[in-house]
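See below for the structure under consideration.
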Amino acid sequence: LLWKESWELAKNPMASKGSPLHGPRIKLIEKAQQLFSETKEHIFESKAAEEHAKLLRIQHDLEVTTKQAIFVDSSISDTIRTCIVLGNHRTAMKVKTEFKVSERRWYWLKVFALATIRDWDALEKF
Amino acid sequence: MAQKQINILKNIRGKKCLVIDPKLSGSLSLIVQSSQLKEHGAELRHLTTEPVETDCTKMVYLVRAQLNLMKFICSQIHNDTLKGLQKEYFLYFVPRRAVACEKILEDEKVHEMLIIGEYPLYLIPLDEDVLSFELDLAHKECVVNGDTTSLWHIAKSIHKLEFSFGTIPNVRAKGKASTRVADILNRMQAEEPVTSDMGIPEINTLILLDREVDMVTPMCSQLTYEGLLDEFLGVNNGAVELDSSIMGVQQEGKKLKVPLNSSDKLFKEIRDMNFEVVVQVLRQKATSMKQDYTEISTTTQSVSELKDFVKKLNSLPEMTRHINLAQHLSTFTSKPSFLGRLDMEQTLVEAQSYDVCFEYIEEMIHKQEPLINVLRLLVLFSITNSGLPKKNFDYLRRELLHSYGFEHIATLNNLEKAGLFRKQDSKSNWLTVKRALQLVVEDTDTTNPNDISYVFSGYAPLSIRLVQHAIRSGWRPIEEILKLLPGPHSETKKSGFASSPSFDTIPGSLNNLEKVADGRRSLVLVVFIGGVTFAEISALRFLSSQEGMAYDIIVGTTKIVNGHTLIETFVE
């Protein structure tokens, strides 16, 4: 069990070392998730790995649609902020529901993002 | 020590290029001047991933035994070979060679090209009363990776000290690493006894303390002058580096190194004071100087009075230096965010209002404030509560990963392994510890302190309270409290030394004034394994200066740390 744990840990950072090929990376993370889910103590890690893989997929899609390589490897919060800054409120909303982002965090992110682009009108309304 | 380094260079004839580990250069510069190196025909370079450009045919590497550094060296040698350059390579490990490192060299097939040696740099004096082992990763290596090489190193350093100062009769240790060091030291003393004909040893007591025992103190923001300088500007090997404009020098964008040690008399006077008081003291000094000046210019003075005045003027550069620094610091300390954090630290240490703290930290994460700041408070939160309830623990972990990225799962794992941020498994005993050791002191007078709690404006550092007890009476009276803190404790007393009857009386007690022959007070060496903060050193200096204190205190540490640098080692 200990052996497995250390193995997975070694793999996780290895996977996130940012190879441009996302396919194998996502697969690695999913494999890690499976391994984590085999033991009872690692439910949290398993969920985190699952979300990580999901996030990478969304980020990958976003990069394709926006043609900007700025999404991969940023956190969920960063992704939402970037979406709002780019005026893509629908995707931001989608990410929010996808990862069950709490209302409170959502408000902070939105306020910061709107302040960055100085969209005071939207800030006022919101 | 300096001689050894020069000997290494002397033994290698002709021009040579000395390539040193950048992490070592600061501490080495405290021992050897770079001009001295040049005298011996050495070119000085830092070891980086970049190949070294030099005409020298002799390369001398001076590095810590770290695996990644070995890779740099290998690639440099390969690079030379590819270019067809024939060079001689010398490799010196600081402080000693490691099998794993040599294995890499063998794998890369460069081992036989190197002449390998050791440069036993054990203790570096950072100041008159502070020694450092310069092991910056010791804490993390021990608690996360279970690597205890550094403990041997620490014991060896202390044993070497004993050869100059006599065997230390009393050893008190608290914490897993500390008791191990005490054991190793014991064995070394048996294997290689110190032949002492010096009578009473100069160091009376050795107190070993794990950083792990008190992780609360470093997580709090230090409020002494030197402590604040370290928190905001980062003190490195007794100097801070900052923009020259701050120091009033008109040189755009240039960095300036300001030395900070006790050879600066004003600094020696104010370094340990609470910052509030430092500002007052500086103002007072400035006004008195101004007064003197007006007196000089309005009335006729005798020559001796003039001389006094000129003498005072000599301290002017120091005054300007510290007024500039203090002014720069106050731009940080007056920020609402800093005051808010202090307030929160106070609340956490008092451990009374769980929900308030939880919400504050949650909001910090939501606002994506700097990760290290968040983790500092979170660690403080976790320790004072003996961990967090599972629900809150998982919630905060999830929010952290969402806000800062999933790669930090490794960071969280490190912190959990180190016991710094974890699930609650038992009721917190922080309140008991806090009460028993009087860690929170009401009405702390920062101007005329009568207790060490002045360094944190009301919180007396746990570590130093323990030291206080250890010096006064040993562990026995506080054994119940010690059991509540992490790690075992041990206490040994060696007697039977020739001509030292004083050891038969109660050692360490206040009424037992042991004096070394020339009337100096004997020493207590306090060693922090895993680092010490400036505020704690200040508190120890304060203890040492108290009336009725029978000892001078010397501080030994693996590294000078603060909450920031400590947490940083855990972040992946």
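So which of A:51, A:103 is buried (at least 16 other Cβ atoms within 10 Å of the Cβ), within 26 Å of residue B:359 (Cα to Cα) and charged (D, E, K, R)?
A:51
Please tell me if residue B:571 is surrounded by fewer than 24 Cβ atoms within 10 Å (Cβ to Cβ) and within 14 Å of another protein chain (Cβ to nearest Cβ).
Yes.
Look at residue A:46 and say whether it is polar (S, T, N, Q), within 13 Å of chain B (Cβ to nearest Cβ) and over 10 Å from the mean Cα position of the chain (by Cα).
When the stated conditions are applied, residue A:46 passes them.
Every residue, every condition in (1) touching an Asp or Glu at 6+ places or on another chain (Cβ under 7 Å); (2) away from chain A (no Cβ under 14 Å); (3) surrounded by fewer than 16 Cβ atoms within 10 Å (Cβ to Cβ), yes or no:
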| residue | (1), (2), (3) |
| --- | --- |
| B:340 | no, yes, yes |
| B:367 | no, no, yes |
| B:370 | no, no, yes |
| B:378 | no, yes, no |
| B:383 | no, yes, no |
| B:402 | no, no, no |
| B:418 | no, yes, no |
| B:427 | no, yes, yes |
| B:439 | no, yes, no |
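Which is out of contact with any Phe, Trp or Tyr (no Cβ under 9 Å at 6 or more places or on another chain), over 21 Å from residue B:68 (Cα atoms), outside any strand (DSSP E or B) and modelled with pLDDT of 80 or more, of B:126, B:151?
After applying the criteria, what remains is B:151.
Please pick out the residue among B:135, B:91 that is crowded, with 18+ Cβ neighbours inside 10 Å and either in the same structural domain as residue B:493 (by TED's automatic domain parsing) or closer than 30 Å to residue B:410 by Cβ (or both).
B:135
Listed residues A:116, A:79; which is modelled with pLDDT of 80 or more, among the polar types (S, T, N, Q) and open to solvent by less than 70 Å² (accessible area, probe 1.4 Å)?
Just a single option satisfies the conditions, and that option is A:79.
Pairs only if they're at least six apart or on different chains, beta carbon under 8 angstrom, first in the range B:15-43 and within 20 Å of residue B:260 (Cβ to Cβ) and in contact (Cβ under 8 Å) with a residue 12 or more places away in the chain, second among the hydroxyl-bearing types (Ser, Thr, Tyr) and buried (at least 16 other Cβ atoms within 10 Å of the Cβ); list them, first residue then second.
Correct list of pairs: B:27/B:132.
Answer yes or no as to whether residue B:42 is modelled with pLDDT under 80 and within 22 Å of residue B:133 (Cβ to Cβ).
no
Table: residues versus (1) within 14 Å of chain A (Cβ to nearest Cβ); (2) in a helix (DSSP H, G or I); (3) at pLDDT 90 or above; (4) under 15 Å from residue B:563 (Cβ atoms).
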| residue | (1), (2), (3), (4) |
| --- | --- |
| B:317 | no, yes, no, no |
| B:344 | no, yes, yes, yes |
| B:348 | no, yes, yes, yes |
| B:358 | yes, yes, yes, no |
| B:373 | no, yes, yes, yes |
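Working only within the range B:346-357, note down all residues that are buried (at least 16 other Cβ atoms within 10 Å of the Cβ) and either within 16 Å of residue A:108 (Cβ to Cβ) or out of contact with any strand residue (DSSP E or B) (no Cβ under 8 Å at 6 or more places or on another chain) (or both).
Residues satisfying the conditions are B:347, B:348, B:351, B:354, B:357.
Pull up the range B:404-416, narrow it to residues that are free of Cβ contacts under 8 Å to residues at least 40 places away in the same chain and under 16 Å from residue B:369 (Cβ atoms), then point me to the one that is surrounded by the most Cβ atoms within 10 Å (Cβ to Cβ).
Among them, the one singled out is B:404.
Which of the residues spanning the range B:460-497 are among the aromatic types (Phe, Trp, Tyr) and open to solvent by 10 Å² or more (accessible area, probe 1.4 Å)?
The one that is among the aromatic types (Phe, Trp, Tyr) and open to solvent by 10 Å² or more (accessible area, probe 1.4 Å): B:497.
Just to verify a result, which residue in the range B:441-457, among those that are open to solvent by less than 30 Å² (accessible area, probe 1.4 Å) and in contact (Cβ under 8 Å) with a residue 60 or more places away in the chain, is nearest to the other protein chains (Cβ to nearest Cβ)?
Among those residues, the one meeting the criterion is B:456.
Inside the range B:183-231, can you point out the residues that are among the hydrophobic types (A, V, I, L, M, F, W, C) and either farther than 27 Å from residue B:454 by Cβ or in a strand (DSSP E or B) (or both)?
Within the range B:183-231, B:184, B:185, B:188, B:190, B:194, B:198, B:200, B:203, B:206, B:207, B:208, B:209 qualify.
Here are some residues: A:95, A:111, A:72, A:101. Which one is within 12 Å of chain B (Cβ to nearest Cβ), in contact (Cβ under 8 Å) with a residue 40 or more places away in the chain and of a type outside the set (Ser, Thr, Tyr)?
Checking each option against the conditions leaves just A:72.
The values are calculated or read from the model by the stated rules, or taken from the named source; none is laboratory data. All values derive from a computational prediction rather than experimental measurement. Methodologically, a virtual Cβ is constructed for each residue, glycine included, from the backbone with ideal geometry; neighbour enumeration extends over all protein chains shown. Note: areas computed on protein heavy atoms with side chains; ligands, DNA, RNA excluded. Shrake-Rupley method; radii C 1.70, N 1.55, O 1.52, S 1.80 Å.
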